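For reference, the structure discussed in these notes is given below.
The values are calculated or read from the model by the stated rules, or taken from the named source; none is laboratory data. Predicted model only: the values in this text are computed from it and were never measured. Quick reminder, even Gly has a Cβ in these numbers, built from the backbone with ideal geometry, and neighbours come from all protein chains shown. Please note that ligands, DNA and RNA were not included when accessible areas were found on the heavy atoms of the full protein model with its side chains. Shrake-Rupley method; radii C 1.70, N 1.55, O 1.52, S 1.80 Å.
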Amino acid sequence: GNQKATHSENSQGKKSQHAEEAIFYMNCRAAYLTVLKSSLENIKSKEQLSLVLQQAGRNPSQKTINRYWTSQTSSLNFDDFCAILKKEKPATKNELLKAFGKIDTEKAGYISHDELCKILTTRGDKMTWEEVTSITKQADFNCNGKLDYNKFCELYLSTREQCCKAARDRLEIDPRLRQQHFGNQPENVPGGITLPGSKPSPRASRKTDPKLPKGDSRAPSRPSSAQSSKASSSTTVTVGASSSRNTKLIIEPDTMKEWQCAQCRGCFYLEENGEIISHKYRLHLAQRSALCITIKPFSIPQAQGKSCPWLSVDTALFILKENETQENLQLVSFTELQNKEMFGWRGELGAGVYWLLPFTTGCRLRKGKTQMTGEAKLVWRDEDGELALTKEFQAALLDIFETIDLDGNGLLSLEEYNFFELRTSGEKCDQEAWAVCKENFEMKRNELTRQGFLDLNLMEANDRDGDPWDLWVTLLSLGYNRALEMTEACPFVIDICAERCKPRIKAISLEAGGPQLSRALCRSVVNKGEAKVLDGSENIFIHTYRSGSRITFVIENKSENKVIIHVNNEQSKNCLNNRGLTVFAVEVAPKSMMVSQHVMALNEQEEWIYSCVHSLV
């Protein structure tokens with residue numbers, strides 16, 4: 001009886017979750033189709049993005065728009081829009097009142113028009129005087145030169161709901177809109193990347209948008225069964241407990257002890273929108289040489305004994321040869337050998353310049369709902385009233401120091417410090433500012449020491465008179481939560497050993513993988529994995545590749561038409577994927593390929609069964 005009750009509760013919970021998802025995507029479509037003619041039509045400008053977000057009940061600032069529409073963005077599709085809405089929640093009444101309350105320090109419930117005009121025309125997304133006047137002229141919430149912000153919030157929320165309801169009503173009335181499909185629309189990237197002896201395949205692959213998480217998608221536009229599909233293909237893989245870590249990377253000490261080695265650290269950072277960025281590297285070899293290249297999560301010395309969730313994050317490294325231009329990089333290989341948490345590659349490379357692109361699937365490094373009992377204290381005052389950093393905050397800062405000390409020499413160069421600055425503030429420190437640091441904080445050989453780094457953060461706390469706001473901005477941008485746990489970042493270390501020359505490795509940038517990594521990933525799966533034709537469709541291939549602890553799927557569309565592929569993982573056990581959904585659909589452009597999903601074990605100590613059905617809608 002108890003088992004039946006539990007089963008019933010679980011079933012009801014799943015139904016409730018599916019119902020919520022269905023409502024969410026209905027609202028997404030309703031807003032999208034208010035601005036665009038079809039859910040397969042792309043957003044082509046910042047203005048369109050702003051408008052369609054407003055139709056979905058959001059009020060995006062210019063900063064929000066710029067977060068998703070960068071200099072590299074040419075368009076956003078419906079899936080991208082859904083992913084944005086998942087991150088950008090609509091403001092609640094309490095949040096609005098709290099914002100007004102910071103201005104209304106006397107808690108009178110009113111703000112003078114003069115004060116309102118001063119704030120709205122000088123802060124944030126600055127409004128014009130005419131725009132502010134149009135607000136203050138509204139009789140519903142203005143009286144005697146003051147704005148009643150309680151009434152304003154009520155009217156704002158009701159207007160927002162009316163706007164969303166009108167969009168939903170329009171969707172229900174128009175059968176043409178109701179029947180439209182959703183879909184990813186990958187863009188063609190001319191010029192594929194080929195491996196020696198590669199299989200024939202399209203010379204175009206999906207361009208990864210640098211603003212959005214690779215995994216976020218949406219609920220399917222058809223039921224999960226394949227009955228309504230034209231063609232389908234099923235794949236089942238059973239993996240024994242812990243067998244994903246049994247592929248040994250053999251490094252014989254006797255043969256490598258005379259080799260010359262180089263090491264560099266780096267980090268994967270999880271952005272607010274779910275995207276993953278990391279350091280990228282350039283490797284220079286003076287002559288042809290046998291090499292061994294490895295990557296693994298970095299076990300920070302000071303963090304031993306603490307919770308280190310990043311140590312279970314999967315890592316990989318793609319090796320690309322630089323030719324005439326950086327845009328034309330040729331995939332050489334990737335780290336497919338595994339020994340526990342370490343992934344590696346052994347082979348021979350000729351003299352020249354290579355790019356090393358770190359990669360993680362996003363299966364384990366992802367946004368999660370964590371329960372925290374409280375917020376850690378960062379600063380305190382001693383008996384004399386002097387500010388000091390708490391022991392917990394100092395420990396976190398020393399861990400951060402180890403992560404950003406890319407060459408591991410115990411000091412921060414200006415170049416290393418600037419990666420930290422770009423990540424936390426978006427700015428860089430020039431030589432003049434570095435000279436000022438040298439005068440005020442401990443340095444050795446023109447590089448910042450650990451104590452100097454601690455003192456620098458203490459100075460920032462003093463500049464704010466103990467207000468930890470800026471310190472938290474730094475910590476959150478580096479993947480820490482309010483309990484001072486690193487949950488949204490994964491530091492890693494790369495080791496390179498060469499037989500005939502000294503390898504030189506240098507971090508070049510800190511950014512998303514971009515189209516180069518996307519193409520390299522697709523090409524590696526196509527060349528190393530198993531291909532299966534989608535039953536009933538001779539031009540659509542499902543490529544499956546298992547690399548140690550992960551399975552990656554690439555969908556290749558050789559036809560002249562775009563296709564929508566429905567993906568169903570409901571029969572899988574003890575699995576997680578980078579999309580966070582068991583059922584979803586993707587659209588593959590003509591003559592292109594794209595990653596369908598990455599899959600890993602939820603618990604590596606137990607057997608996991610991956611069972612997937614790809615269906616042509």
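How many angstrom lie between the C-alpha centres of segment 54-78 and segment 527-544?
Cα centroid to Cα centroid, the span is 35 Å.
Taking Cα atoms of segment 93-173, Rg/Rh with Kirkwood Rh, to two decimals?
Working: Rg = 14.7 Å, Rh = 14.0 Å.
Rg divided by Rh gives 1.05.
If you roll a 1.4 Å probe over the heavy atoms of the protein chains, what accessible area per residue do you get for segment 93-173, in Å²?
On the way: 5610 Å² over 81 residues.
Result: 69 Å² of accessible area for each residue.
Kindly report, to the nearest 10 Å², the accessible surface of LYS532 as traced by a 1.4 Å probe over protein heavy atoms only.
My reading of the accessible area for LYS532 is about 80 Å².
What ³J(HN,Hα) values, in whole Hz, does the Karplus curve 6.51 cos²θ - 1.76 cosθ + 1.60 give for segment 422-428 when θ = phi - 60°, with x put for Gly and Pro?
So the Karplus estimates, Gly and Pro as x, are 4, 6, 8, 10, x, 10, 10 Hz.
Once Lys and Arg get +1 and Asp and Glu get -1 on their Cβ, which of ASN323, LEU414, GLY368 lies farthest toward the positive end of the dipole of segment 314-464?
Checking the options against the dipole of segment 314-464, the answer is GLY368.
What is the packing order of peptides 563-573, 486-496, taking the mean over residues of other C-beta atoms within 10 Å and listing the highest first?
Listed from highest to lowest mean packing, they are 486-496, 563-573.
Express the carbon and sulfur contribution to the solvent-accessible surface of segment 308-433 as a percent, rounded to the nearest whole number, probe 1.4 angstrom.
The nonpolar share, carbon plus sulfur, comes to 47 percent.
What is the distance, in nm, between label points placed 7 Å from the Cα along the Cα-to-Cβ direction at GLU392 and at THR255?
5.0
What order do you get for 538-546, 76-84 when each peptide is scored by the mean count of other beta carbon atoms within 10 Å, highest first? Don't skip to the end; give the middle numbers.
On the way: 538-546: 19.0, 76-84: 24.9.
Ranked by mean Cβ neighbours within 10 Å, highest first: 76-84, 538-546.
Enumerate the residues in segment 464-492 having an amide nitrogen under 13 Å from the point lying 7 Å beyond the Cα of LYS102 toward its Cβ.
469-470
Run the accessible area of segment 13-149 with a 1.4 Å probe and give the carbon-and-sulfur part as a rounded percent.
Working: 3980 of 7810 Å².
Carbon plus sulfur share of accessible area: 51 percent.
Take every Cα pair under 8 Å in segment 370-487 that's 6+ residues apart, average their separations, divide by the length, and report that relative contact order as a whole percent. Walk me through the intermediate numbers first.
Working: 119 pairs, mean separation 33.5, N = 118.
For segment 370-487, the relative contact order is 28 percent.
Per residue Cα convex hull volume for segment 370-487, in cubic angstrom? Mind dumping the intermediate values first?
Details: hull volume 13.0 nm³, N = 118.
Hull volume normalised by residue count: 110 Å³.
Would you mind pulling out the separation of the Cα centroids of segment 91-116 and segment 337-355, in Å?
Result: 58 Å between the Cα centres.
Once the Cα atoms of segment 478-617 are picked out, what are the Rg and Dmax in Å?
18.4, 54
Could you give the accessible area per residue of segment 370-487, probe 1.4 Å, as a whole number in Å²? Walk me through the numbers before you get to the answer.
Numbers: 6380 Å² over 118 residues.
On a per-residue basis, 54 Å².
At a probe radius of 1.4 Å, what is the per-residue accessible area of LEU602, in Å² to the nearest 10?
110
Suppose every K and R has +1 on its Cβ and every D and E has -1 on its Cβ; what is the size of the dipole of segment 93-173 about the Cα centre, in Debye to the nearest 20?
Values: 14 positive and 14 negative charges, 34 e Å.
About 160 debye.
Please give the peptides 434-441, 350-357 ranked by average Cβ packing (other Cβ atoms within 10 Å per residue), highest first, as a rough proxy for protection. Intermediate values should be presented prior to the final figure.
Working: 434-441: 13.2, 350-357: 17.4.
Packing order, densest peptide first, comes out as 350-357, 434-441.
In debye to the nearest 20, how big a dipole does segment 539-607 give about its Cα centre with +1 on each Lys and Arg Cβ and -1 on each Asp and Glu Cβ? Before the final figure, lay out the partial values.
Numbers: 7 positive and 7 negative charges, 46 e Å.
So the dipole magnitude of segment 539-607 works out to roughly 220 debye.
How long, wide and thick is segment 266-408, going by the Cα atoms along their three principal axes, in whole angstroms, largest first?
Taking max minus min along each principal axis of the Cα atoms, segment 266-408 gives 63, 33, 30 Å.
Only Lys, Arg, Asp and Glu count, each charged at its Cβ (+1, +1, -1, -1), so figure out the dipole size of segment 40-85 about its Cα centre, rounded to 20 debye.
Values: 5 positive and 4 negative charges, 47 e Å.
Using only the charged Cβ atoms, the result is roughly 220 debye.
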